[in-house]
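Engineer: What follows is a structure written as structure tokens; I'll ask about it next.
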Amino acid sequence: YLSNQNDKDLASQIIKNEFKEKSKNLENLLTEITDKTSRTDIQTILLKNKKIIENFSKLGNILNSIDAFFDEKTVDKAVNLYENNINNDFNQNDSKYGQLLKLKLERQKAIFIEKDDLIHYLTIIVFIAVISILLISLASIFYTKKNISKPLIHLKEIIDGVSLGEMVAIDFNQHTDEIADMQNALNGMIYSLKEKVVFANAIGQADYSKNIHLLSDKDQLGKSLIEMSTNLQSSEQKIKTANKYLNSAQSIAKLGNWTYNFERNEVFWSKEMFNIFEIEETQNIQELVKAYKPKIHPEDKQTIKDVYLDTIKNKNEFLYEHRLICNDGSTKYIQGLGECIRDKSTNRVIELNGVIQDITESKIIENELKAAKVIAENLAKAKDEFMSSMSHEIRTPLNGILGFTNILLGSKNLTKEQIKQIEAIKTSGDILLVIINDILDIAKIESGKMNLESNPLNLKDLTQLIIDTFAVKINEKELNIEINIASSTPTFVLGDSVRMSQVFFNFISNAIKFTSSKGTIKIKIQPISEDEQTTTLQISVSDTGIGIPSEKLNSVFEPFVQTSDDTARKFGGTGLGLTIVKKIIELMSGEVSVESEVNLGTTFTVIIPFKKYKQEDSQNLYSDDVSKTVVHEDVSAKNYKILLAEDNLINQLLAQTVLAQFNYDVTTVENGLLAFEAVKNEHFDLVLMDLMMPEMDGYDAAIKIRNLEDPQKKTIPIIALTADVTNSVITKCKEIGMNDYMSKPFDSNELSKKINSLLINIE
């Protein structure tokens, strides 16, 4: 039943036919029978059949379980169920199923009887299998160790050697198997790598063609090596070219570079370094030091040592110059520049990098320039001394000429012819004075010694003063003068009144000179811009004169240039006036321009930024400016005593004559030493001091007077009388304590005003 499907199907059919069909018939019969006894019997039969089916079902379930194959107790349970609950009923009914089941149980018992024999046989079979497996395993281990493990270990050792660069070939395995194939493949790889290593070594020695034929571009490593070889060859060529250009540049510039590494005690010098020091090329530090040290000039060795020690201790950069002794005994100058490389953690210097340049040529030029500068300074000094001396020597006699001319013109006993002749002398002297002043101004400007004052300046009064100066010529030519000053123009600005007078004087003088009779001259002043500190004014002077040709306009401000060859002959002048004016205006940070048409006239336009005037600026006026604005009291009646220090006899006579006109009591001495002794021992109210005198000049005499102990004598007013009117002289006069100065030739009325101003202030 358990192992035969046919038995199972047959048993199912028996149950269906014999029990279920019988039960169905009995149930149908039960519905038809009414007899109570018969019904009870049928119900008993039905109940018995139902019980038989249930027991059978239990038996089938037991026998169908997996335990029935191996568990003897399960089979015994099935047998007990059959014998106690099923067998009697089946036998009573003579059931085919009962017979079949009985046979099946007997067969199952027979199987369990043979079970022990089967287990015994199975045990033997399992033991034989285990022994066989152990034998096979031992054989496998032995085979693996001999034919697999050892070759693999050998392969690993070869691979490790290859990784370390050992290209030892493998002994070929004579067997044909996978290990042998691996050995052969690795051997081929070693041969290939060996070729590539040889090529790589050749590349390292800069040989880019050796064994390159052994490489294949189909092999990735070979392809990479070929590309690397090509790139390295190209890079090396570029480096060679760059080094060539670098060496060439260093040779041209006479510039070499060097490096010294303290940690490795290594040094590097470029090629030009050896050329500069004139020694054989070597990078051996001992040989290098031995070769270049004697080249350094003995007087410079300590300086170089101090520079390096100071740099290493305190700085990161160094700069020095020193001399080299050349092989031919000549001297070479070099300049060193470099830096320290320091360890970031310890700040210790680990390397020095520097450059050395041969500066012999530039040093020679520098020395020549220094010598030339000394010569130029001496020449400038000599020029200044010459100009000062020339000014003194020319102005001194000119002072006498103009001074006595003015005195003669004041005489009432002269005839008209004599007056005309004396006026001619005065005019010639005035022209000569203008020429001298122009030459001196040009010299001062070119030497940078023209300094500008900053004092309150009334442009309206200044303009009118210049017009009044030329009143005689204006009336002679019957010129029409128009002055237009904008109402927004400030009354005062800060500027140099002397230099602005010079500017106005030149423009107005030229306008009068070149304008025909009954012509017109227009003077216009107006502000064009301003800020908190400055006011910019535009000043123009126009005339209706002869004009300037267009081709001459660009050169009118150049020195000694005039509009035509006969201008000087017709109108006079040196051609320096406009040059001086232009330079003065530029010193004032201004600009000047000119517009002109021939026979129609000329317009000069000046734009100058002036500092704004403040009330406190009036305190900065020099006494010379005060004397021009203060109404002076006539002090001549008081018979003041004046000491005149003057070595020139003509100027002595002139000064005495002029001062006598104003009733001053004059005492004359010939030098500064006598002037000092006179002030020390006598009473004087004022000193007129010439500056250039024998024995003691006016400067030293004034200093000694200011150092006297007597408070009245040491503060006596001193006016410098000088033919040298350069700024340096004027400044020096102020510095040593002189109260004022008067230039030669001097105007007698102006001198009187200065004297009166000082004497009144004393009182």
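Engineer: List pairs: first in the range 678-689 and within 17 Å of Leu751 (Cα to Cα), second of a type in the set (Phe, Trp, Tyr) and open to solvent by 10 Å² or more (accessible area, probe 1.4 Å), Cβ under 8 Å, 6+ apart or cross-chain?
Structural biologist: Final answer for the pair search is Asp685/Tyr640; Leu686/Tyr640.
Engineer: Can I ask one more? Mind counting the residues in the range 664-692 that are more than 13 Å from Leu643 (Cβ to Cβ) and open to solvent by less than 20 Å² (accessible area, probe 1.4 Å)?
Structural biologist: Count: 1.
Engineer: Given the condition modelled with pLDDT of 80 or more, of a type outside the set (Phe, Trp, Tyr) and either surrounded by 16 or more Cβ atoms within 10 Å (Cβ to Cβ) or under 29 Å from Lys612 (Cβ atoms) (or both), answer yes or no: does some residue in the range 562-574 qualify? Step through it out loud before you land on a result.
Structural biologist: Kept after step one, since they are modelled with pLDDT of 80 or more, are these residues of the range 562-574: none.
No, the range 562-574 contains no residue that is modelled with pLDDT of 80 or more, of a type outside the set (Phe, Trp, Tyr) and either surrounded by 16 or more Cβ atoms within 10 Å (Cβ to Cβ) or under 29 Å from Lys612 (Cβ atoms) (or both).
Engineer: Find the residue count for the range 304-318, including only residues that are at pLDDT 85 or above and loosely packed, with under 12 Cβ neighbours inside 10 Å.
Structural biologist: Selection size over the range 304-318: 5.
Engineer: Shifting gears a bit: Can you tell me how many residues in the range 493-518 are in a helix (DSSP H, G or I) and touching a residue at least 40 places away in the same chain (Cβ under 8 Å)? Walk me through it before giving the result.
Structural biologist: First, pick out the residues of the range 493-518 that are in a helix (DSSP H, G or I): 497-514.
Remaining after also requiring touching a residue at least 40 places away in the same chain (Cβ under 8 Å): 497-500, 502-504, 506-514.
Residues in the range 493-518 being in a helix (DSSP H, G or I) and touching a residue at least 40 places away in the same chain (Cβ under 8 Å): 16 in total.
Engineer: If you don't mind, there's one more thing I want to ask. Would you please name the residue that is nearest to the chain's Cα centre (by Cα), looking only at residues in the range 252-284 that are part of a helix (DSSP H, G or I) and in contact (Cβ under 8 Å) with a residue 24 or more places away in the chain?
Structural biologist: First pass over the range 252-284, keeping only residues part of a helix (DSSP H, G or I): 252-253, 271-277.
Narrowing the set further to residues that are in contact (Cβ under 8 Å) with a residue 24 or more places away in the chain leaves 253, 271-273, 275-277.
Numbers: Ala253: 24, Lys271: 31, Glu272: 30, Met273: 30, Asn275: 34, Ile276: 32, Phe277: 34 Å.
Residue satisfying both the conditions and the ranking: Ala253.
Engineer: Kindly indicate whether any position in the range 400-410 is surrounded by fewer than 14 Cβ atoms within 10 Å (Cβ to Cβ) and at pLDDT 70 or above. Break it down into steps so the answer makes sense when it comes.
Structural biologist: Here is the first cut: in the range 400-410, the ones surrounded by fewer than 14 Cβ atoms within 10 Å (Cβ to Cβ) are 410.
Subsequent filtering for residues that are at pLDDT 70 or above retains 410.
Within the range 400-410, one or more residues are surrounded by fewer than 14 Cβ atoms within 10 Å (Cβ to Cβ) and at pLDDT 70 or above.
Engineer: Which one of the conditions (1) at pLDDT below 90; (2) over 60 Å from the mean Cα position of the chain (by Cα); (3) aliphatic (A, V, I, L, M) does Met692 fail to meet, given that it meets all the rest?
Structural biologist: Of the numbered conditions (1) at pLDDT below 90; (2) over 60 Å from the mean Cα position of the chain (by Cα); (3) aliphatic (A, V, I, L, M), the odd one out for Met692 is (2).
Engineer: Go through the range 589-689 and tell me which helices (runs of 4 or more DSSP H), entirely inside it, have 3 or more residues that are farther than 21 Å from Pro397 by Cα and at pLDDT 90 or above.
Structural biologist: Those helices (runs of 4 or more DSSP H) span 672-681.
Engineer: So in the range 320-352, with the set limited to residues that are acidic (Asp, Glu) and either out of contact with any strand residue (DSSP E or B) (no Cβ under 7 Å at 6 or more places or on another chain) or not in a strand (DSSP E or B) (or both), which one is farthest from Val267 (Cα to Cα)? Steps first, answer last, please.
Structural biologist: Start the filter on the range 320-352 by keeping residues that are acidic (Asp, Glu), which leaves 321, 328, 339, 343, 351.
Adding the requirement that they be either out of contact with any strand residue (DSSP E or B) (no Cβ under 7 Å at 6 or more places or on another chain) or not in a strand (DSSP E or B) (or both) leaves 328, 343.
Working: Asp328: 27, Asp343: 18 Å.
That would be Asp328.
Engineer: On to the next question. Looking at the range 290-319 only, could you name the residues that are assigned to a strand (DSSP E or B) and touching a His at 6+ places or on another chain (Cβ under 9 Å)?
Structural biologist: Of everything in the range 290-319, just one residue is assigned to a strand (DSSP E or B) and touching a His at 6+ places or on another chain (Cβ under 9 Å), namely Ile296.
Residues checked against (1) open to solvent by 40 Å² or more (accessible area, probe 1.4 Å); (2) farther than 18 Å from Lys612 by Cβ; (3) in a loop (DSSP other than H, G, I, E, B); (4) among the acidic types (Asp, Glu):
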site	(1), (2), (3), (4)
Glu453	yes, no, yes, yes
Pro456	no, no, no, no
Lys460	yes, no, no, no
Gln464	yes, yes, no, no
Ile467	no, yes, no, no
Val472	yes, yes, no, no
Asn475	yes, yes, no, no
Ser488	yes, no, yes, no
Thr491	yes, no, yes, no
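Engineer: Still on this structure, I have one more. Can you name the residue in the range 543-559 that is of a type in the set (S, T, N, Q) and more than 10 Å from Ser596 (Cβ to Cβ) and is also most open to solvent (accessible area, probe 1.4 Å) among such residues?
Structural biologist: Among them, the one singled out is Asn554.
Engineer: Given (1) at pLDDT 90 or above; (2) in a helix (DSSP H, G or I), where does Ile716 come up short, assuming only one miss?
Structural biologist: So the condition that Ile716 fails would be (2).
Engineer: Can you name every residue in the range 453-499 that is of a type outside the set (D, E, K, R) and touching a Gly at 6+ places or on another chain (Cβ under 8 Å)?
Structural biologist: Ser454, Asn455, Leu457, Leu479, Asn480
Engineer: Among the residues of the range 242-292, how many are at pLDDT below 80 and more than 25 Å from Cys326 (Cβ to Cβ)?
Structural biologist: Of the residues in that region, 4 qualify.
Engineer: Here's something else I'd like to know. Restricting to the range 508-555, name every residue that is of a type in the set (S, T, N, Q) and over 50 Å from the mean Cα position of the chain (by Cα).
Structural biologist: Ser509, Asn510, Thr515, Ser516, Ser517, Thr520, Ser542, Thr544
Engineer: Please find, within the range 245-289, the residue that is most open to solvent (accessible area, probe 1.4 Å) out of those that are closer than 13 Å to Val355 by Cα and among the basic types (Lys, Arg).
Structural biologist: Among those residues, the one meeting the criterion is Lys271.
Engineer: I'd like to know if the range 353-366 contains one or more residues that are surrounded by fewer than 17 Cβ atoms within 10 Å (Cβ to Cβ) and closer than 18 Å to Val267 by Cα.
Structural biologist: First, pick out the residues of the range 353-366 that are surrounded by fewer than 17 Cβ atoms within 10 Å (Cβ to Cβ): 353, 361-362, 364-366.
Applying the additional criterion that residues be closer than 18 Å to Val267 by Cα yields 353.
Yes, the range 353-366 contains a residue that is surrounded by fewer than 17 Cβ atoms within 10 Å (Cβ to Cβ) and closer than 18 Å to Val267 by Cα.
Engineer: Looking only at the range 699-758, how many residues end up being open to solvent by 20 Å² or more (accessible area, probe 1.4 Å), in contact (Cβ under 8 Å) with a residue 60 or more places away in the chain and closer than 13 Å to Met689 by Cα?
Structural biologist: 3
The values are calculated or read from the model by the stated rules, or taken from the named source; none is laboratory data. The model shown is predicted, which means the values in this text are computed figures rather than measured ones. Counting neighbours? That spans all protein chains shown, and the Cβs are built from the backbone with ideal geometry, glycine included. These accessible areas exclude ligands, DNA and RNA; they are computed on the full protein's heavy atoms, side chains included. Shrake-Rupley method; radii C 1.70, N 1.55, O 1.52, S 1.80 Å.
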